[in-house]
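Everything on this sheet refers to the single structure shown next.
The values are calculated or read from the model by the stated rules, or taken from the named source; none is laboratory data. Remember, predicted model here, so these are calculated numbers, not experimental data. Cβ: placed from backbone, ideal geometry, glycine included. Neighbour counts: every protein chain shown. Surface accessibility is based on the protein's heavy atoms, side chains included, excluding ligands, DNA and RNA. Shrake-Rupley method; radii C 1.70, N 1.55, O 1.52, S 1.80 Å.
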Amino acid sequence: MNNTRANSTEPDESLLDNSSESVSKATIAAPVMRQGLTWRSFMAILYGAVLMGPTVLYLYLFSGTMYVSPAIYVTALLLTEIARRAGKPLTRQEVNVLFYAISWGAALPVTLLTGTIFRAYFITAPYSKMFKDPFTGEPIVKLIPSWWVPPLGSPVYAFRTLFHPDWLVPLLLMFANTVFNVLTTISLALICAQLYIEEESLPWPRAQVQAEACIVMAERQTDRARAFTMGAIVSMFWAFAVYFIPIVSRSVFDVSAVVIPAPWIDLSTAVENYLPGAILGIGTDIFMFAISFMISERVLLFMLISSLSSWVIGNHLAYLYPGDFFAKWREEWTQGMTIPLLYQRSYLHIWASPIIGVSIAAAVIPLFRGRRYVLKAFSSLAHLSERSKEAGYLPLPIILAMYLIGTGGSVALFHFFVPGFPLWMPILISIGWVFIYTIVAARMEAEAAIAFPPIPYLWQGVILFSGYQGIDAWFLSPLVSSAGSSLTVTLKGGYLTNTKLWDLLKAYIIVILLCSISGLVFINLFWRIAPIPSQTYPWTMITWPIEAMMLGSWITRQFNIIKPTLIAVSFLVVTSLYIVCTLLRIPFSLIGIATGLITLPPHTITMFLGGFVGKRILSRLLGREWFENYRAVLIAGIAAGQGVMVGLASAIALISKNQWVLPY
């Protein structure tokens, strides 16, 4: 495998001082990739599917928070300690597999919840009956297709069950889309791994941290364990103030005691008299502060500039703009709006289209500038070396076939159920946009440790732009995103722990299968115990009526977020900036600009401060050599300490609310 680094004339963003990677290059280049998927790691996967997934699901129903990180670290620490006590410690490869398996599986039941019970709620909710199809005048609940949710009058609503023939087609349709998504995700992850791990050898800060966590938990090396413990102790104290006290006080004493607000200190109301519309705050997540130790100062600086220019200055200027272009934003902004509401409304009325335009630029420019790396990556996949085969890479024809079956299959399925929709649009979105989105998302992860979420409401905007008048397109979409970037992080973690990539891919498939089955079983159980929403699951009582109103508003065409002019202008502005800065040799970070646009100021401010503190202060206090060698281990300890403390608080909350609820 070729690990040639991009030279300075290629799309290098001064990412990170790669000479200081805490996982040694000897480890990365080790010739032996070892097995990670064993019967012991499989049992850990089974443990996560049966126990941790339902726990995360219940805590989400109760509090609205997905405690995935606590589930990962609590499970990994518990199982590694049990194996060590039994005299057969888990290998770093086994820990790596179970680490990522828990991270995949813990959140899946929440996704299934949206795909099942929320649909049942939407068709029966009183709010939904208020909305009428603008073209026929019929209530939309009467027009909802039975392949999306069982029709009104079905016995599934009286018995509150998923195991009924009326659910067969919706569940099969959901499963088919899952298969297409998995094929697309794996194919894109292998392409991104070849491009950004093998050819350009980007730093992947998050993968370094997660790999160090696996190595420390598996091997307990003295120096690493000391740095890991140091980070864990610091973060546990911080998490006690930010998470433990509010969670426990609210669940045990019914008192909301907040010492430090999470996830941010909201300053938007403090500046609204001077900057109406601006989003401003300081993030309080210690992991986001710490992960910046691994990111270059240039990327952090341009992230901050982009984020403040967009969500502070841009929001304010859009509010002041006198024309009709941002009239909706001007009408909806009121004093007292907090960050979540400001983000939602400004995203809808200002930033959805620019994010698409900038994302296209952030994908096209590096691919063009680094075209020899792209060609070399595809050439390497077309002619796999023995080591590539041993590591787990698939031949290029198989990868392309998986991608086309995944994306093309989702388009074919959509066209079968929604035949009247213009076919070229789902083809463009699934086969074209999904590739661009994943390439950009993977580079953001590789350079800035930021997960690029799927663009909200993208498909809804496409429907409105298409002029399609049917209602069925609102309930089914082709693939509009993939998890390819996050799976590429996993593959990088495999390199750093010498885990066979194919073992990680097999584990990914196993987790999806097991957690889909167990998730449906436990969702059905929770629904049988009590209605969702209800007092038993208070978070859904708060949010699901709002989500139902939002879906009804989209279907009745009360929003329009796709603005081709803004997409084109944002693409041209960013491309022009890149060209000018390149010609004049002015420092510039394209990925920093793109990442800052999708990241709110509280997070970019915290990350910039974290980078400054880490590289300017901690490196001097702890010693530059020590800091460079062990910063990833330190961050891994911080993530683990926070996860354990939140997990402890969640367990107390779960026990305090434990009660038997009769299913009637």
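Average 1/r across all pairs of distinct alpha carbons in the stretch 534-582, invert it, and you get the Kirkwood radius: 14.4 Å. Label sites at Asn273 and Val258, each approximated as a point 7 angstrom past Cα along Cα to Cβ, lie 2.1 nm apart. For the stretch 464-546, the solvent-accessible area with a 1.4 angstrom probe is 33 square angstrom per residue. Near Gly494: Cβ cut-off under 11 Å, other residues only, Lys/Arg at +1 and Asp/Glu at -1. The net charge is +3.
Close amide H contacts of Arg34 (hydrogens built in the peptide plane, cut-off under 5 Å, sequence separation of 5 or more or a different chain): Thr499, Lys500.
Computed from Cα atoms alone, the Kirkwood hydrodynamic radius reported for the stretch 519-664 is 21.7 Å. Based on the Cβ-Cβ distance from Leu317 to Arg557, what FRET efficiency comes out when R0 is 25 Å, to the nearest 0.05? Efficiency, from the Cβ-Cβ distance: 0.35.
With helices as the sole contributors, the chain gives -20000 deg cm²/dmol at 222 nm; each DSSP H run of n ≥ 4 counts as -39500 (n - 2.57), and the sum is divided by every residue. The simple spin-label model puts a point 7 Å past each Cα toward its Cβ; for Met541 and Ala86 those points are separated by 4.3 nm.
For the stretch 217-351, the solvent-accessible area with a 1.4 angstrom probe is 46 square angstrom per residue. Taken over the chain, lysine pairs spaced eight or more positions apart, or on distinct chains, with alpha carbons under 23 Å apart number 18. Taken as entire DSSP H runs, the helices of the chain that both span 30 Å or more between Cα atoms along their own long axis and average -1.0 or more on the Kyte-Doolittle scale are 92-124, 168-193, 396-417, 501-529, 624-656. Among the protein heavy atoms of the chain, carbon and sulfur supply 68% of the accessible surface, probe 1.4 Å, non-protein parts ignored. Matching the structure-derived semi-axes √(5λ) of the Cα gyration tensor in Å against the labelled list (1) 36, 31, 28; (2) 53, 30, 20; (3) 37, 33, 23 gives the label (1).
When both the stretch 571-602 and the stretch 75-109 are represented by their alpha-carbon centers, they are found 40 Å apart.
Size descriptor for the stretch 403-496, Kirkwood hydrodynamic radius: 14.3 Å (Cα pairs only, one decimal). Taking a virtual spin label 7 Å from the Cα of Phe416 along the C-beta vector, which residues in the stretch 448-487 bring their backbone nitrogen under 19 Å of it? Within reach of a label on Phe416: 472-480. A Förster radius of 51 Å, combined with the Cβ-Cβ distance separating Met43 from Phe325, puts the computed FRET efficiency at roughly 0.35.
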